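Worksheet: the structure to be examined is printed underneath.
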Amino acid sequence: MFSYRLKNYFTFLIFLSAFATFYSQRDPSVNKATPSALTMKAGAFIDVNVPPYPASSYTAAQLIENVLIKGNSSCVSGNISNVIVSPNTSPSDPDRTWGYFNKGTTNFPFDDGIILVSGPAKDAGNAFISGALGGGPNTTPDQDLINAINPLAPLYNSTFIQFDFIPSSTQITFNYLFASEEYTSTFPCGDYSDGFALLIKPVGAANYTNMAILPGGGGPVSVTNIVPASPYSCGPINAAYFAGHNTANIETNFAGRTIPLTATATVVPGQAYTFKMVIADASDTIYNSGVFIEGGSFDIGLTLVDPGGATLPAEIQMCDNDPKTLISSVQIPGALYQWSLNGQDIAGATNPTYVATQPGEYCLEIMVPNNQCPAVVCINIVGGNAPIVQDVEFVQCYGPDAVSYNLTHTQPYITSTQGVTFAYYANLADAQAQNGNTIPNPTNYMSPGGVSVYALVKSTFCPAIAKIDLVKAPEMIADIAQPPGINCIQPQVNLNATASVFPAGSVISWEASNGGYIYSGANTLTPVVTAGGRYTLTITKAYAIGDIACTVTAFVDVHEDFSPPSVTVTASDMRVCAGDPVVLSGVGGQNFVWSHSASTSADITVNPTQTTTYTVYAVGLNGCQSTTPASITIEVIPAINTILQPIAGQICVGDQITLDAGFNENYTYTWSKVENSIPSVIGTGQTITVDQIGTYTVTIENGECEATFETKVITAQLPQITNADYQSGTLTITASNPSFTNPLEYSIDNGFTWQESNVFTGVQDNTTLMLMVRIKNTSCVTIKDFFTLHIPNIITPNGDGKNDELDFSAISRFEDFEVFIFDRYGKKIWEAAKNAPVWDGRFQGRALSTATYWYQVKYKDPVSDTMVLKKGWVLLKNRE
């Protein structure tokens, strides 16, 4: 297997040699510009491996221990071993490919650190070099680098530093940037670029992991994988990581470089790891590249974090001994922890977490298994006290929109602590963050009120936050009602400002001018004044914070007037019917004194029944009365009177009725029938005859007045037949008469003849009659059928056609009809039915013997609507 690999490796070297010959044809000057005064200026380039820096003469092990690793101490070397550098040249060799750099007076991103170059390290800086950088150690390709980046071209001039290290934390990080002369021409768009890797693996492991990988899976750090958009046709590729071209030819002699990057690896504390930093040329021995590893960025110690996982700085602040939780970033099984305060171990503080309750320097020492060098991290907690503050309510006077608040006026009310500073914020989150989003002009902060701002008050570094409630004072309105004047009946008046609007605690004051005089109540809303003039109201509300006083004023003029008014009177009508309304109107005063009314209004309504003269005095606004009255006479015409007959008439269908409005030679008449509340004229004259029910009106005029009268014609109520009694040829009819004016008439022969008597004689037995009753001289008729029932006392069923049977057919149609025949022993021998109402003297089909039998007849009388019960006997005489 080894011979196979050697054979193939030899073939690969021949292939690389061919590529080197081809690419060595590239123009070595394409990436350099003409030097300028800036280029040639002293201090324009970083310093590499030159005095006076002691580190320029360090060995590789010294560079690792004293430059790369943060917080170097005598204990650090105990955890670093097996330092290997290639090429292993002396620190005094001016052409060595590794060493120390310092940014000097340039703006290079790193102050100092370790540099690895695929050619002489000194050519990376120090002074301007025209043309491409070349030369190199002619070392063989580094197989670990080949395995890590899988190059597409042969590698030359490999340079690496390798060492073993035992970490005491769970993560290793260091900062670096990559620079190259290949950031020129079209090289970034080619298939090759110089090789570079930062490798790590557990000691003894077969494979390395490359830490020089872009974040988020962006791939390895190389010229062809970090390409800006211009001037390369293949760009942009991960362009965010490209820092720029060296167009000024200063700081370094490379054509372009990346931004500072961070290499990160997760490790197991106490386990030994091998680190390897390696770089090489690809395809040729010119167009060198370099890697700069920031000094002190290789962090081997601990960090302290807060409960949220954020790394704490070297110094934090504690206000009012507010406890601070300190947590070790390394928490592994088997590790030993010890916390100390100001150099003294804290008894029992042997956990990864400690809660500090006072200021001082706290240190945590941790001994990781298999690591002979304890890791130590310290933090200084500086103590202070927050000022005592209180929330305030800051009031500004009302305005229709936003008003101005001078927030600085609140300071003496927020705190009495001396020597504090104030910053004002529009929201609490910014105040708590103590950021720069402060209110820019706190002496003129415009706000509509109803919101809160926050004052950040700091005594040294300890903050306290006070809430300032911005309140816009309620709108104040001075509103004075116009008072009556000083006059005949009003020697003094009350001013009324009770409609004014103002907050509680306001001060009220009045001032008189132009002859006015305040009799009493100058500090109330209703003072008493006794003279005309101008009166000014001032309402003031004072607020303690800021000495704010909000004021509103108003004035009112009180007049004096003692002149009497003159009065006139008019009427809506000068000649009226008796009792008709007339509106009398007085003119010339505020109030009026009428002869026939207690009203003081300008207009009154009178209803004279005879000719009447009315007088009125006027009372002016000032209460003074006119010296003489005004008068007016209203003439009254006699009223129209009549008795409309009948007041309510009754008719039946087909009848007529005469309506009479009464006679007066001065009257004219207009009759109307009212339908759906609308009258229709149907005639004139004193009387009118109608044949329809309804409402009728008659309007009577006498040449000046008119009056309308109403009567109703209604349907007459029909008489009711309440009973009919028939006994041995005599029929008596009983009926009710709802109309008491006309008598009733009776008929039993279909209305052929009528009589006023209700008794009829000579009426035939067992005959159906039509009983008729009407109101005399009307068509109001009531009709009912009646049967003159007569049950004979003997039947002879001998077939001669005389008294052969008892026939109840005429009454069988009546309601509740029942007929029973009993023998002398009470046995029922026959029962009638509606379809069999005739008894022929038989029982069960055979003739009964001659004897007396008893009957019982029951039905509802259709006339009286009552039950009729008849009982009697009948002699049945059969042939013997």
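Only Lys, Arg, Asp and Glu carry charge here, each on its Cβ (+1 for the first two, -1 for the last two); on that basis region 648-715 has a dipole of about 220 debye about its Cα centre.
Only counting other Cβ atoms within 10 Å, I'd like LYS858, LYS472 sorted with the fewest neighbours first. Intermediate results must be reported in sequence, preceding the final value.
Numbers: LYS858 16, LYS472 19.
Going from sparsest to densest Cβ surroundings: LYS858, LYS472.
The count of lysine pairs in region 794-876 whose Cα atoms are under 24 Å apart, excluding pairs fewer than 8 places apart on the same chain, comes to 18.
Plainly put, region 794-876 has a radius of gyration that is 0.98 times its Kirkwood radius, both from alpha-carbon atoms, as the Rg/Rh ratio. The convex hull built on the alpha-carbon positions of region 392-472 has an orientation-averaged projected area of 5.0 nm².
Taking the Cα centre of region 440-556 as origin, sum charge times position over the Cβ atoms of Lys and Arg (+1) and Asp and Glu (-1), and report the length of that vector in debye to the nearest 20. Please list the in-between numbers first.
Values: 5 positive and 5 negative charges, 47 e Å.
Computed about the Cα centre, the dipole is about 220 debye.
Placing +1 on each Lys and Arg Cβ and -1 on each Asp and Glu Cβ, with no other charges, gives the chain a dipole about its Cα centre of roughly 2120 debye.
Beyond 19 Å, what share of the Cα-Cα pairs of region 568-637 remains, rounded to the nearest whole percent? For region 568-637, the share of Cα pairs beyond 19 Å comes to 28 percent.
Once the chain from ASP345 to CYS189 is taken as fully extended at 0.36 nm per residue, the excess over their C-alpha distance is 50.1 nm.
What translational diffusion coefficient, to the nearest whole µm²/s, does region 431-547 have by Stokes-Einstein, given a Kirkwood radius computed over alpha-carbon pairs, a temperature of 25 °C and 0.890 mPa s viscosity? Display every interim value, and only then the final one.
Details: Rh = 18.3 Å.
Approximately 134 µm²/s, per Stokes-Einstein.
Once you sort the root eigenvalues of the Cα gyration tensor of region 678-723 as a ≥ b ≥ c, which label holds: rounded (a/c under 1.5), prolate (a/b larger than b/c) or oblate (the other case)? Note, shape of region 678-723 comes out prolate. Under 5 Å from the amide H of TYR287 lie the amide H atoms of LEU133, each residue being 5 or more positions distant or on a separate chain, with H modelled from the backbone and absent for Pro and chain starts. Selection among ALA542, GLY219, ALA423 by position relative to the dipole of the chain gives GLY219 as farthest towards the positive end (Cβ unit charges, Cα centre).
Computed 3J(HN,Hα) for region 839-849, one whole-Hz value per residue from the Karplus formula 6.51 cos²θ - 1.76 cosθ + 1.60 where θ = phi - 60°, is 10, 9, x, 10, 9, 6, x, 10, 6, 7, 6, glycine and proline marked x.
Work the Kirkwood hydrodynamic radius out for region 711-853: mean of 1/r over every pair of different alpha-carbon atoms, inverted, in Å.
Values: mean 1/r = 0.0553 Å⁻¹.
After inverting the pairwise mean of 1/r, the radius is 18.1 Å.
Here the Karplus curve 6.51 cos²θ - 1.76 cosθ + 1.60, taken at θ = phi - 60°, turns the phi angles of region 478-488 into couplings of 9, 10, 10, 5, 5, x, x, x, 7, 8, 4 Hz, with x standing for Gly and Pro. Of the residues PHE163, THR274, SER90, the one whose Cα sits farthest towards the positive end of the charge dipole of region 2-294 is THR274 (charges of +1 on Lys and Arg Cβ, -1 on Asp and Glu Cβ, taken about the Cα centre).
Relative to the present Cα-Cα distance, how much length would full extension add between ASP320 and ARG813 at 0.36 nm per residue of separation? Write down the numbers at each step before the final one.
Details: separation 493, 0.36 × 493 = 177.48 nm, distance 11.81 nm.
Length difference between fully extended and current span is 165.7 nm.
In the list (i) 2, 11, 20, 23, 21, 13, 6, 2, 1, 0; (ii) 2, 8, 12, 16, 17, 16, 14, 9, 4, 1, 0, 0; (iii) 2, 8, 9, 8, 7, 6, 5, 5, 5, 5, 6, 7, 8, 8, 7, 4, 2, 0, 0, the label attached to P(r) over Cα pairs in 10 Å bins from 0, in percent as derived from the coordinates here is (iii). Once both labels are positioned 7 Å from their Cα atoms along Cα-to-Cβ, the gap between ASP547 and SER506 label points is 2.4 nm. Can you give the angle from 0 to 90° between the axis of helix 2-23 and the longest principal axis of the chain, with both taken from C-alpha atoms, to the nearest 10? Taking Cα atoms only, the helix is inclined about 90 degrees. Stretching the chain fully between THR408 and GLU635 yields a gain of 73.1 nm (0.36 nm per residue, less the alpha carbon separation). Phi angles of region 860-871 translate, via the Karplus equation with coefficients 6.51, -1.76, 1.60 and θ = phi - 60°, into HN-Hα couplings of 8, 5, x, 7, 8, 6, 10, 6, 10, 10, 10, 10 Hz per residue; Gly and Pro are given as x.
How big is D, in µm² s⁻¹, for region 2-294 by Stokes-Einstein at 4 °C and 1.567 mPa s if Rh is the Kirkwood radius over C-alpha pairs? Intermediate results must be reported in sequence, preceding the final value.
Values: Rh = 19.4 Å.
Approximately 67 µm²/s, per Stokes-Einstein.
Overall, the ratio between the Cα radius of gyration of region 486-561 and 2.2 N^0.38 Å, rounded to two decimals, is 1.23.
Bear in mind that the values in this text are calculations on the coordinates, not laboratory data. In this text the structure is predicted, and so the values were computed from the model without any measurement. Cβ atoms come from the backbone with ideal geometry, glycine included; neighbour counts cover every protein chain shown.
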